[in-house]
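The values are calculated or read from the model by the stated rules, or taken from the named source; none is laboratory data. It should be emphasised that the depicted structure is a prediction, and the values quoted were computed from it without experimental measurement. Counting neighbours? That spans all protein chains shown, and the Cβs are built from the backbone with ideal geometry, glycine included.
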Amino acid sequence: MNSGSDPGVDQARRRAATVERAAAEPIKIGDGSVRIGTASWTDPTMTARGVFFPEGASTAEERLQHYAGLFPLVEVDSTYYALPSPGLAELWVERTPPDFTFDFKAHALMTGQGTETKRLPKVIRESLPDLLKQKPRIYLKDLPAVLMDEVWAAFRAGLEPLAASGQLGSILLQYPSWFFPSSANRALIEVAAERLAGWQLAVEFRHGAWLNEKNAEQTLRFLRDRSLAFVMVDEPQGFRSSVPPVTAVTSDFAVVRFHGRNRETWEAKGVSPAERFRYLYDRAELDEWVPRIKQAAAEASNTHILMNNCYANYGTTNARELAAALTELG
């Protein structure tokens, strides 16, 4: 991909130029602080030549430093696929300003989902029962309890350097579309809250039943009672997986994630994440969220806004535009 292969990239670049530095610092709205960033800085469509990074930013270190000069927040999703390492976390601390913040997606096993066996740390792989060692994917229900203890411990250890530096923001517990309201599933959320005690946690649902007329009040009360942040979302509507754009703050920390509104790819099979979330918001669509974010910032000390439409420069442009709108409000 290059800048000339998609007219949307050029459109996004022109729009970004009008608000180039808008998202560089946290935004004060009343007594609350709002940070805006994207859910990736490494997607191939984003790192492609001529799209977002300057010509001189060719290494991972240079790209992160460039990104951290423009935004105060980023979300790391690689921890969903592989457990983090303390060494890499230490490098991130060294390469970013002391007030730069990292949010992380919880590992798949931590939210009841499957993971590639080969991506588990060697010490865990070698301790698997022989039958599990032969499987390409394993699930939480398959894993012996003692090894699941190791998964939680490795996740915490891998992010400890960022926690120690004060740069660890929140852990995103993103539950899958088949994770519906039930006592067993609420218990799984409680396990995560206990295992990650002391860290800020945010819960995102991918099944609309959690927020339907029958369950919404109970869901929000459940999160509020445990000081877990409800993740507010903007995403395509009309699917079983669709969560409505409810404005609700259930802890002193608030999160909004923008997934785009691409209905054609939302539940499509075999598409890359970049294609699934390939959507450039127009300014009117972003403006819909300005009063909602203002409300959230009035109820929470810290609010994180993450653009997950990380195709090319779409997310970075929308982050700047939303920051500009909120700066005017602030």
Pick from region 83-124, criterion aromatic (Phe, Trp, Tyr) and in contact with a strand residue (DSSP E or B) (Cβ under 7 Å, 6 or more places away or on another chain), ranking: farthest from Phe205 (Cα to Cα): Trp92
Arg156 is checked against (1) in a helix (DSSP H, G or I); (2) touching a Gly at 6+ places or on another chain (Cβ under 8 Å); (3) not aromatic (Phe, Trp, Tyr) and fails just one. What number does that condition carry? (2)
Any residue in region 138-166 that's in contact (Cβ under 8 Å) with a residue 24 or more places away in the chain: show its pairings with residues that are assigned to a loop (DSSP other than H, G, I, E, B) and of a type in the set (S, T, N, Q) at Cβ separation under 6 Å, as long as the two are six or more apart or on different chains. Gly158/Ser85
Quick check on region 5-29: of everything there that is touching a Gly at 6+ places or on another chain (Cβ under 8 Å) and assigned to a loop (DSSP other than H, G, I, E, B), which residue is nearest to Glu328 (Cα to Cα)? Ala23
Is one or more of the residues making up region 225-232 exposed (fewer than 15 other Cβ atoms within 10 Å of the Cβ) and either at pLDDT 95 or above or part of a loop (DSSP other than H, G, I, E, B) (or both)? yes
Cβ pairs under 8 Å, 6+ apart or interchain, first in region 183-201 and free of Cβ contacts under 8 Å to residues at least 24 places away in the same chain, second part of a helix (DSSP H, G or I) and surrounded by fewer than 15 Cβ atoms within 10 Å (Cβ to Cβ), ordered by first then second residue, are none
Looking at region 296-317 only, could you name the residues that are in contact with a Leu (Cβ under 9 Å, 6 or more places away or on another chain), within 23 Å of Ala229 (Cα to Cα) and either assigned to a helix (DSSP H, G or I) or of a type in the set (Val, Ile, Thr) (or both)? Ala297, Ile305, Gly315
Look through region 235-251, keep the residues that are more than 21 Å from Asp225 (Cα to Cα) and of a type in the set (S, T, N, Q), and return whichever of them is farthest from the chain's Cα centre (by Cα). Gln237
For residues that are out of contact with any Asp or Glu (no Cβ under 9 Å at 6 or more places or on another chain) and surrounded by fewer than 19 Cβ atoms within 10 Å (Cβ to Cβ), scanning just region 30-53, find the one that is nearest to Thr96 (Cα to Cα). Thr42
Identify, please: which residue in region 159-170 is in contact with a helix residue (DSSP H, G or I) (Cβ under 8 Å, 6 or more places away or on another chain) and either of a type in the set (Val, Ile, Thr) or part of a helix (DSSP H, G or I) (or both) and is, among those, surrounded by the most Cβ atoms within 10 Å (Cβ to Cβ)? Leu159
Yes or no: region 311-326 includes at least one residue that is crowded, with 18+ Cβ neighbours inside 10 Å and among the acidic types (Asp, Glu). yes
Residues in region 239-294 that are surrounded by fewer than 19 Cβ atoms within 10 Å (Cβ to Cβ), without any contact (Cβ under 8 Å) to a residue 24 or more places away in the chain and outside any loop (DSSP other than H, G, I, E, B) total 4
Please specify each residue of region 181-214 satisfying the condition of being of a type in the set (A, V, I, L, M, F, W, C), part of a loop (DSSP other than H, G, I, E, B) and buried (at least 16 other Cβ atoms within 10 Å of the Cβ). Leu196, Phe205
Looking only at region 89-119, how many residues end up being of a type in the set (Gly, Ala, Ser), without any contact (Cβ under 8 Å) to a residue 40 or more places away in the chain and either crowded, with 22+ Cβ neighbours inside 10 Å or within 16 Å of Leu159 (Cβ to Cβ) (or both)? 1
The lone exception for Tyr281 - which of (1) over 30 Å from Glu194 (Cβ atoms); (2) of a type in the set (Ser, Thr, Tyr); (3) within 17 Å of the chain's Cα centre (by Cα) it fails: (3)
Output for region 1-29, where each listed residue is among the basic types (Lys, Arg) and buried (at least 21 other Cβ atoms within 10 Å of the Cβ): none
